[in-house]
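Undergrad: Structure incoming, see below.
The values are calculated or read from the model by the stated rules, or taken from the named source; none is laboratory data. Fair warning: this is a prediction, and the values are worked out from it, not measured in the lab. Cβ coordinates were reconstructed from backbone atoms using ideal geometry, including for glycine residues, and neighbour counts include every protein chain displayed. To get the accessible areas, we keep the full protein, side chains included, count just its heavy atoms, and leave off ligands, DNA and RNA. Shrake-Rupley method; radii C 1.70, N 1.55, O 1.52, S 1.80 Å.
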Amino acid sequence: MAAGQRNTGAPQGGANEQNDRRNGRGRGEGGRRGDAAEKSAFVERVVTINRVSKVVKGGRRFSFTALVVVGDGDGTVGVGYGKAKEVPAAIAKGVEEAKKNFFRVPRIQGTITHPVQGEAAAGVVFLRPAAPGTGVIAGGPVRAVLECAGVHDVLSKSLGSSNAINIVHATVEALRNLEEPAEVAARRGLPLEHVAPAALLRAQAAGVAAKAAEAGA
């Protein structure tokens, strides 16, 4: 009897597996791979998670907040703030809000275009371009934003509050204040050579040539 049961169970399991594979529900196929590919398309960094409470008539209700930075590592970045009763749900809400707040960051050869300072509440962050190979010289909150934005060489200094939320929003404000050299030249009505340093123009030309070579390859 036991042997007969084992023999009759095997084909049924195989048939179910085949049906699952046809319908895209197999272990190695279907939705799971699609979800993994979608998640890996962006770089997500959780900067800080806080537990907050609300006093009500019956006592206290606890929930969690998550500050999340999301970017594609190639000039697009956004910041979101989520709140929920569980940490994973708070992070998911923060990711969705960050994707709604995406913006482009001007870059030249992996660094920013010019020195800039951003302020948000009591947070003040100063960013300065750096030579290739310098790396991201920044603290945790600033580093998370810059790495998600695809900035690989930069110098930074926090001049205000040490609160992570203020620092992140100050960094975002600084990146939003960045301008392309061509935009500045057009606004002033001057040639590009009179606005941007020669080293910056050479770096920009080298970056364009490298992208053209990659596209041709």
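Undergrad: Which of the pairs Lys54/Lys85; Lys54/Lys93; Lys93/Lys157 have their Cα atoms more than 22 Å apart in this structure?
TA: Lys93/Lys157
Undergrad: If Lys and Arg each add +1 and Asp and Glu each add -1, what is the summed charge of the other residues whose beta carbon sits under 9 Å from the beta carbon of Gly80?
TA: With Lys, Arg at +1 and Asp, Glu at -1, the neighbours total +1.
Undergrad: If you take the alpha carbon radius of gyration of the range 104-217 and divide it by 2.2 N^0.38 Å, what ratio comes out, to two decimals?
TA: Rg over 2.2 N^0.38 Å, computed on Cα atoms: 1.13.
Undergrad: Here's a follow-up. Contour minus end-to-end for Asp72 and Glu183, with contour as 0.36 nm per residue of separation and end-to-end as the Cα-Cα distance?
TA: Gain in length upon complete extension: 37.6 nm.
Undergrad: If you don't mind, another one. Could you give the accessible area per residue of the range 71-217, probe 1.4 Å, as a whole number in Å²?
TA: I get 52 Å² per residue for the range 71-217.
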